[in-house]
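Coordinate-derived values only; no laboratory data. Predicted, not measured: the structure shown is a model, and the values here were computed from it. Here the Cβ is made from the backbone with ideal geometry for all residues, glycine too, and neighbour counts use every protein chain on show.
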Amino acid sequence: MGNWTSDGKYFVFVKGASGRGDIWAVREKGDWWHKVDSTPVQLTSGPLDMNSPQPSVDGKKILVVAAQWRTELSHYDAKAQQFVP
């Protein structure tokens, strides 16, 4: 899943591992004066799970949906009739 920048030069996309995605970019277009390196570049690396990259209209920002997943072990307390940590 990914999107093109407004000038059509870069494709930004999500690449994930271990249940967490990072944002990557690859330059796809050049001109006959400049050689293009089509090696993807990782833009994010951290605890947030990145999704749905959308370049801004001016091409200066990439908007993403980010989430930080948390888990908690709980059990059901029959006396209190509720789940407790």
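General observations
- A search for C-beta distances below 9 Å between a residue of segment 43-57 that is on the phi > 0 side of the Ramachandran plot and any residue that is exposed (fewer than 14 other Cβ atoms within 10 Å of the Cβ) and in a loop (DSSP other than H, G, I, E, B), counting only pairs 6+ apart in sequence or on different chains, returns Ser52/Met1.
- Criterion violated by Gln68 - all others in (1) of a type in the set (S, T, N, Q); (2) over 18 Å from the mean Cα position of the chain (by Cα); (3) exposed (fewer than 10 other Cβ atoms within 10 Å of the Cβ) satisfied: (2)
- Selected residue (criterion: farthest from Gly16 (Cα to Cα)) from residues of segment 58-71 that are outside any loop (DSSP other than H, G, I, E, B) and in contact (Cβ under 8 Å) with a residue 12 or more places away in the chain: Ile62
- Among residues of segment 1-27 being in a loop (DSSP other than H, G, I, E, B) and touching a residue at least 24 places away in the same chain (Cβ under 8 Å), the one that is surrounded by the fewest Cβ atoms within 10 Å (Cβ to Cβ) is Gly19.
- A single member of Val41, Val36, Val84, Val57 is within 16 Å of the chain's Cα centre (by Cα) and of a type in the set (Val, Ile, Thr), and it is Val41.
- Thr44 being assigned to a loop (DSSP other than H, G, I, E, B), β-branched (Val, Ile, Thr) and touching an Asp or Glu at 6+ places or on another chain (Cβ under 7 Å): yes
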